[in-house]
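For reference, the structure discussed in these notes is given below.
The values are calculated or read from the model by the stated rules, or taken from the named source; none is laboratory data. This structure is a prediction, so every number in the text was calculated from the model and none was measured. Here Cβ is always computed from backbone atoms with ideal geometry, including for glycine, and neighbour counts include all displayed protein chains.
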């Protein structure tokens, strides 16, 4: 797997409440975007990725292709992180209300498994087409699913960043889980809303088509997000599937 990652404060924020973590030996990749007053969002996102990494390091994903076993594994992993953040938020007044989005990608031979809570996203880029794999847990997207808003209306709605699920927000958490077949040359893009709020799908595709390394691709995406306004923190992880990944 060719891997690149980049996280940046952006041009308008004083601190970076995003976080990412890669565990190449476990084929697990994590992106998080914290929310909360003061430094609480930053603490939440970093706690999430560190708790997820510690859980996976202590109890690695079993070598199975049973999607239900994998879904249950990541459900338990995210529940563990959720409880830790929730307890921190209620133990310290300065952390009250803190929470974080999270998107986790795990690759195993010819499949990728994705878990997410909140509005950080995973996309699949293949043959010039960019497909969003995750669904946003936002108030506006719930209106899209209900037929109240179109996707175009939702993209310009002032409530588009109001999230309805996050790690640490409630005592219990309900992640979504997706599975997708992967092919050699595919790129899996993971990002926070600081990327897709600034760049259109067409602009993202233009960068992904350029044939750069994944590190250079992530840097270019972050640069363009900042050139388009940089209103938020932006974090990007790009994974390019190589032939050996499909058989290992």
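Test of understanding: among 45, 50, 83, which residue is farther than 21 Å from residue 245 by Cα, modelled with pLDDT of 95 or more, in contact with a strand residue (DSSP E or B) (Cβ under 6 Å, 6 or more places away or on another chain) and not in a strand (DSSP E or B)? Before the answer, list the steps.
Numbers: 50 fails: in contact with a strand residue (DSSP E or B) (Cβ under 6 Å, 6 or more places away or on another chain); 83 fails: in contact with a strand residue (DSSP E or B) (Cβ under 6 Å, 6 or more places away or on another chain).
The unique qualifying residue is 45.
Can you find a residue that is part of a helix (DSSP H, G or I), in contact with a strand residue (DSSP E or B) (Cβ under 8 Å, 6 or more places away or on another chain), surrounded by fewer than 22 Cβ atoms within 10 Å (Cβ to Cβ) and touching a residue at least 12 places away in the same chain (Cβ under 8 Å) anywhere in the range 57-64? Break it down into steps so the answer makes sense when it comes.
So the first thing to find is which residues in the range 57-64 are part of a helix (DSSP H, G or I), and the list is 57-58.
Retained after the next criterion (residues that are in contact with a strand residue (DSSP E or B) (Cβ under 8 Å, 6 or more places away or on another chain)): 57.
From the residues that got through so far, the ones that are surrounded by fewer than 22 Cβ atoms within 10 Å (Cβ to Cβ) too are 57.
Pick out the ones that are also touching a residue at least 12 places away in the same chain (Cβ under 8 Å) and you get 57.
Scanning the range 57-64, I find at least one residue that is part of a helix (DSSP H, G or I), in contact with a strand residue (DSSP E or B) (Cβ under 8 Å, 6 or more places away or on another chain), surrounded by fewer than 22 Cβ atoms within 10 Å (Cβ to Cβ) and touching a residue at least 12 places away in the same chain (Cβ under 8 Å), so the answer is yes.
For residues that are closer than 17 Å to residue 125 by Cα and crowded, with 21+ Cβ neighbours inside 10 Å, scanning just the range 231-248, find the one that is farthest from the chain's Cα centre (by Cα).
So in the range 231-248, the residues closer than 17 Å to residue 125 by Cα come out as 236-243, 245-246.
Add one more test, that the residue is crowded, with 21+ Cβ neighbours inside 10 Å, and what stays is 236-239, 241.
On the way: 236: 8, 237: 8, 238: 11, 239: 13, 241: 18 Å.
Once the filter is applied, the top-ranked residue is 241.
Do the conditions hold for residue 3, that is, is it touching a helix residue (DSSP H, G or I) at 6+ places or on another chain (Cβ under 9 Å), surrounded by 14 or more Cβ atoms within 10 Å (Cβ to Cβ) and not in a loop (DSSP other than H, G, I, E, B)?
Numbers: touching a helix residue (DSSP H, G or I) at 6+ places or on another chain (Cβ under 9 Å): yes; surrounded by 14 or more Cβ atoms within 10 Å (Cβ to Cβ): yes; not in a loop (DSSP other than H, G, I, E, B): yes.
So residue 3 passes the test.
I'd like to check something: does the range 143-155 contain any residue that is at negative phi, at pLDDT 95 or above and surrounded by fewer than 16 Cβ atoms within 10 Å (Cβ to Cβ)?
Within the range 143-155, the first condition is being at negative phi, and the residues that meet it are 143-146, 148-155.
Add one more test, that the residue is at pLDDT 95 or above, and what stays is none.
Looking through the range 143-155, none of the residues is at negative phi, at pLDDT 95 or above and surrounded by fewer than 16 Cβ atoms within 10 Å (Cβ to Cβ).
Scanning the range 107-132 for residues that are under 11 Å from the mean Cα position of the chain (by Cα) and assigned to a loop (DSSP other than H, G, I, E, B), which turns out surrounded by the most Cβ atoms within 10 Å (Cβ to Cβ)? Talk me through it step by step, then tell me what you get.
Step one: of the range 107-132, the residues under 11 Å from the mean Cα position of the chain (by Cα) are 114-123.
Retained after the next criterion (residues that are assigned to a loop (DSSP other than H, G, I, E, B)): 118-120.
Values: 118: 26, 119: 26, 120: 30.
Filtering first and then ranking leaves 120.
For the range 231-248, which positions are farther than 20 Å from residue 49 by Cβ and in a loop (DSSP other than H, G, I, E, B)? Talk me through it step by step, then tell me what you get.
From the range 231-248, those farther than 20 Å from residue 49 by Cβ are 231, 240-248; that's our starting set.
Result: 231, 241, 242, 247, 248.
Taking residue 97 as the residue in question, decide whether it is touching a residue at least 40 places away in the same chain (Cβ under 8 Å), more than 20 Å from residue 188 (Cα to Cα), within 19 Å of the chain's Cα centre (by Cα) and not in a helix (DSSP H, G or I). Quick ask: steps written out before the conclusion?
On the way: touching a residue at least 40 places away in the same chain (Cβ under 8 Å): yes; more than 20 Å from residue 188 (Cα to Cα): yes; within 19 Å of the chain's Cα centre (by Cα): no; not in a helix (DSSP H, G or I): yes.
So residue 97 fails the test.
Sort out which residues of the range 33-54 are without any contact (Cβ under 8 Å) to a residue 40 or more places away in the chain, over 21 Å from residue 194 (Cα atoms) and surrounded by 19 or more Cβ atoms within 10 Å (Cβ to Cβ), and write them in order of number.
51
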